[in-house]
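The values are calculated or read from the model by the stated rules, or taken from the named source; none is laboratory data. Keep in mind it's a predicted model, so treat the numbers as computed, not measured. Every residue, glycine as well, gets a Cβ built from its backbone with ideal geometry; the counts of neighbours run over all protein chains shown. Just the protein is used for accessible areas: all its heavy atoms, side chains included, with ligands, DNA and RNA removed. Shrake-Rupley method; radii C 1.70, N 1.55, O 1.52, S 1.80 Å.
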Amino acid sequence: MPEDSARDEFLRRLRDAQHHLDLGFEQLPPAAQPLLDDRAAKILHAAAGRLRDDDPYGHPLYAGQMLKPPHPIARAAYSLAMSVNPNNHALDGGRASSAMELEAVAALAGIFGWNGTPAQPGHLGHLTSGGTLANLEALWVAGQIAEQEGRALTVAASDQAHYTHSRISAVLKLPFTPIRSDGTGRMDLNALEAELRGGRIGTVVATLGTTAGGAVDPLDGILALRERYRFRLHVDAAYGGYFTLARNLSFDARAAFDALNHPAVDSIVIDPHKHGLQPYGCGCVLFHDPSAGQFYKHDSPYTYFTSRELHLGEISLECSRAGASAVALWATQQLLPYEIGGEFARGLESGREAAFKLHQRLAADARFLVPFSPPQLDIVFWAVRGDSVQESSARAQTIFDEARRRNLYLALAKLPRRFFPAEGWTEDSSSGANSVTCLRSVQMKPEHLVWADEIWRRLDAASAAVLQCEKI
């Protein structure tokens, strides 16, 4: 079926599905009906024109930031739910979508082994507007428990963890300590233990998939330290959480993901709007101990208690939340269940294979410097050779610009020079340049593996144009 015909057929079926949502009420009076006249059409046309300023995020040649197009069924289910626009703050505002959220969250908990039983649930969790809110809730609960038990309040995370952790800690009035990463970008266990000995650390954040380089902190080693020191353990798997389903991880990364079901892991954050094929914004926070719900208690003075059952507003900091996000996630899980070796998991494996393939090509090319560690997930970064770090950084910026002119969309990242061999630059290491601007590519779309040769061809051409011009 031609693409246009397939699209028209899809839209027809979507309209038919929306028609079945008719609740039998009388038609709205004309004044309440949405404007669908020529003026509205012109506005939508203008909006479409403005959107042309965006990059082609859904195309495989877009390999820069963490932007993965939502699955068509997620888009359709979201649109379908918007016909009634449910609010998952309370059962009164979204009975069906709230039930679907509980099922969808249970499926997410299941990939970490947090299944439990009906009599004794293995988790408490809900969807959020994104990873920032999800991490805020996890650290908020950690701070509440620390105060309740008279424990240390300081939050510790790797210096490669997302900046949101230091910012959230400041919002929550919790002290924050960065922990040095090792040469592979993972949290340095010796540096962590040195801080733990001081007795100030109350919560440790382990990152499984840093946003800059895709590093996977050694969760198994952090758990071993937890046996000797008293701290709460939160895992920020906003980006990398779904990779627990992948079969082609390195030994170290596999060990970290296998440790997620350890009973000493207190909370996990995962973002379905990253690798879960969902529209923005859709994050999720999970607590291993359901008693964490006690910290969310509140009294609402109006109608949100007409339902006798527990509603999601009683276990979340956010109030109004889009029920459409829950419907979209639930529908996607029905079509693509979280099964090792299944279609969803194979998509993750393809992205990781594409990243490893790109890394190998970069490592074999004398124009580039690759880090000590190959990709741990699906993010690749590399430096451009030069006499100095400054020259290397400038060349990376120029290649980035030239690649865009060739419709290859990469990203730039400033990373520690210690991630690369010391002989990579001829300058004196005491020059004060501790970081270098690198080129970075997120190979998160399954199609990136199919497009690997074309991506390399364009990167090669862009690099040749820049470096030959400089007569390297």
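Numbers at a glance
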{"item": "Amide H partners (placed H, <5 Å) of F368, local residues excluded", "result": "R385"}
{"item": "Whichever lysines have a C-alpha closer than 27 Å to that of K68, once near sequence neighbours (fewer than 8 apart) are set aside", "result": "K274, K357, K414, K445"}
{"item": "Net dipole in debye of the chain [+1 Lys, Arg Cβ; -1 Asp, Glu Cβ; about Cα centre; nearest 20]", "result": "640 debye"}
{"item": "Which of G64, T207, G49, positive extreme of dipole for the chain (C-beta unit charges)", "result": "G64"}
{"item": "Residue-count net charge about H89 - beta-carbon cut-off 13 Å; Lys, Arg +1, Asp, Glu -1", "result": "-2"}
{"item": "Within the chain, percent of DSSP bridges classed antiparallel, to nearest 5", "result": "60 percent"}
{"item": "Accessible area per residue in Å² at 1.4 Å probe, computed on region 200-277", "result": "28 Å²"}
{"item": "Whole-Å distance, taken between Cα centres, linking region 178-195 and region 371-430", "result": "23 Å"}
{"item": "Peptides ranked, highest mean first, by Cβ atoms within 10 Å: ranges 211-221, 164-174", "result": "211-221, 164-174"}
{"item": "Efficiency of FRET between A364 and D387 - r from beta-carbon atoms, R0 22 angstrom, step 0.05", "result": "0.50"}
{"item": "Note, ³J(HN,Hα) from phi for region 344-351, Karplus 6.51, -1.76, 1.60, rounded to Hz, x at Gly and Pro", "result": "4, 5, 5, x, 5, 5, 5, x"}
{"item": "Mean separation of Cα contacts under 8 Å (6+ apart) over length of region 234-392, as relative contact order %", "result": "22 percent"}
{"item": "Theoretical FRET efficiency, 1/(1+(r/R0)^6), r = Cβ-Cβ of A465 and S291, R0 56 Å, to 0.05", "result": "0.40"}
{"item": "For L153, residues with placed amide H under 5 Å, excluding near neighbours", "result": "G202"}
